[in-house]
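> Let me begin by handing over the structure; questions about it come next.
Values quoted throughout were computed directly from the atomic coordinates according to the rules given, and no laboratory measurement underlies them. Since this is a predicted model, take the numbers as computed values, not measurements. Here the Cβ positions follow ideal geometry from the backbone for every residue, glycine too, while neighbour counts run over all protein chains shown.
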Amino acid sequence: MKRILCAVCAAALAAVSLIAAGPGDRSSQLSGKKIIVADANSTHHLNLYVAYEKGFFTKRGLEVEIRQTSSGVAAVVGGEADIVFNCPTGVITPIARGQSITIIGQVKIPCTSVLVVPVNSPVKNPQDLKNLQIAGLSTTCCAVIAIRNTLKDRYKTDFELVTLAPGAALAALEGGAVKGAILEEPYVAEALLLKDAAGNPKYKTVFDGSSDANGDGRVDENLAGRNPPCRTINANTNFIATRLGDAKAFIEAIDEANKLIRSNPTAADIVAIAQKYVPNVSRQAIINSNPKLGFQIKLDTRGLAGYAQALVNQGTIERNPGTSLFAREFRGITW
């Protein structure tokens, strides 16, 4: 009888310990396996780097490896990596085609991509963009889609897209090969730091909700919309199915990093981490752009589904997956 009572007491103590630990303690649910994050260096992924450098993953019992690659989505779809931070339009397409990837969290809101033009640009109104050569990342870039949709729907016009990565787009603008460029931070900040021989700014932003292109005293609307969602955290579907505890702990670590960054986005240690991972961008550009990066894990499901519909409209995908874009296991956590 005494042995039975001891066993009952031990079980009761174990139950109390689990209750005391709370829902955030997932150590018993962790797989012990490494999480591979396929990454392409960007200050937009600063929360990933801060979580890694500040030990927010390790304190949750996670071993995370960040692998640099330009084909992160493909690596996750193929199972070579578990997680990728990416522009959502690049993930919506494989999801719509039934491939092994799903959206588990937001990286940041809003999209910081804006149209940058020379200060003496003749572009004063949206209609002036008609047939101009404008550099941009791709036809499926979130900002390019949003801006072109507004131009077509409201102004019955469009520009000619010259597909270039941000650094190359800025170089093309400098060389006069394009009339403007749709750039994301910190490349916007980098462009605005450039001066002419007289020390005057060479570039300005237009139609971004904070500027007045035609000088009529009114701030122009943001052609990309109001607070459009930006990058998302995306995972291999088998990783979610078999290692959900790992995935949830990973999101918790990112959320802790988000709070730290938002508390002081230009703190010396935060800027230093950004420079470590994105060394080709100037320190001042990082300082100027970091406060604009609204890191959060909460998904803008409506905005993301809107991007999916835009991809349907342009013929990139056949159907809008709707809420099937998002991992159901994260319902109530990130959406």
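> Can you work out ³J(HN,Hα) from phi for every residue in the stretch 144-152, in order, using Karplus 6.51 cos²θ - 1.76 cosθ + 1.60 and θ = phi - 60°, giving whole Hz and x for Gly and Pro?
Listing the rounded values in order: 4, 4, 4, 5, 5, 4, 5, 4, 6 Hz.
> Sequence gap at least 6, Cα distance under 8 Å: using those rules, report the relative contact order of the stretch 86-187 to the nearest whole percent.
It comes to 34 percent, rounded to a whole number.
> Specify which labelled value, from [x] 29, 53, 15, 3, 0; [y] 26, 48, 21, 4, 1; [z] 20, 27, 18, 15, 11, 6, 3, 0, agrees with P(r) over Cα pairs in 20 Å bins from 0, in percent derived from the coordinates of the model shown.
Structure-derived value, by its label: [x].
> In whole Hz, with x marking every Gly and Pro, tabulate ³J(HN,Hα) for the stretch 103-119 from phi via Karplus 6.51 cos²θ - 1.76 cosθ + 1.60, θ = phi - 60°.
8, 10, x, 7, 8, 6, 9, x, 5, 9, 6, 9, 8, 10, 9, x, 4
> Mind listing the long-range amide H neighbours of G294? Cut-off is under 5 Å, sequence gap 5 or more, other chains count too, H placed in the peptide plane at 1.01 Å from N.
When sequence neighbours closer than 5 places are left aside, the close amide H contacts are I109.
> Counting only other residues whose beta carbon sits under 9 Å from that of G209, what net charge do I get with K and R as +1, D and E as -1? Before the final figure, lay out the partial values.
Numbers: positive: R226; negative: D208, D220, E221.
Net local charge, G209 excluded: -2.
> Taking Cα centroids, how far is the stretch 304-335 from the stretch 254-296 in Å?
First find each Cα centre; the distance between them is then 29 Å.
> Please name whichever of I109, A308, Q99 sits farthest to the positive end of the charge dipole of the chain, dipole taken about the Cα centre and charges placed at Cβ: Lys and Arg +1, Asp and Glu -1.
The listed residue farthest towards the positive side: Q99.
> Sticking with this one: Amide H of G105: which non-local residues (sequence gap of 5 or more, or other chain) have their own amide H closer than 5 Å, using H built in the peptide plane?
I233
> Charges at C-beta only: +1 for Lys and Arg, -1 for Asp and Glu. How large is the resulting dipole of the chain about its Cα centre, in Debye rounded to 20? Don't skip to the answer; put the middle values down first.
Working: 36 positive and 29 negative charges, 171 e Å.
For this selection, approximately 820 debye.
> E63's amide H: which non-local residues (gap 5+, or another chain) put their own amide H closer than 5 Å, with H modeled 1.01 Å from N in plane and none for Pro or chain starts?
Residues meeting the criterion, in which the H sits 1.01 Å from N, are I35.
> Considering only the chain, what is the antiparallel percent among its DSSP beta bridges, to the nearest 5? Display every interim value, and only then the final one.
Numbers: 19 of 33 bridges.
Of all bridge pairs located within the chain, approximately 60 percent are antiparallel.
> Now for a different question. Over the Cα atoms of the stretch 114-206, how large are the radius of gyration and the largest Cα-Cα distance (Dmax), in Å?
Cα radius of gyration and Dmax of the stretch 114-206 are 12.6, 40 Å respectively.
> What order, most packed first, do the peptides 173-182, 146-155, 212-221 have when packing is the mean number of other Cβ atoms within 10 Å of each residue?
Values: 173-182: 19.5, 146-155: 17.5, 212-221: 12.3.
The packing order, highest mean first, is 173-182, 146-155, 212-221.
> Using alpha carbons only, how many angstrom separate the centre of the stretch 217-240 from the centre of the stretch 92-137?
9 Å
> Over the chain, what is the mean sequence separation of C-alpha contacts under 8 Å (at least six apart), divided by residue count, expressed as relative contact order in percent? Spell out each step's value before the answer.
Numbers: 586 pairs, mean separation 85.7, N = 335.
26 percent.
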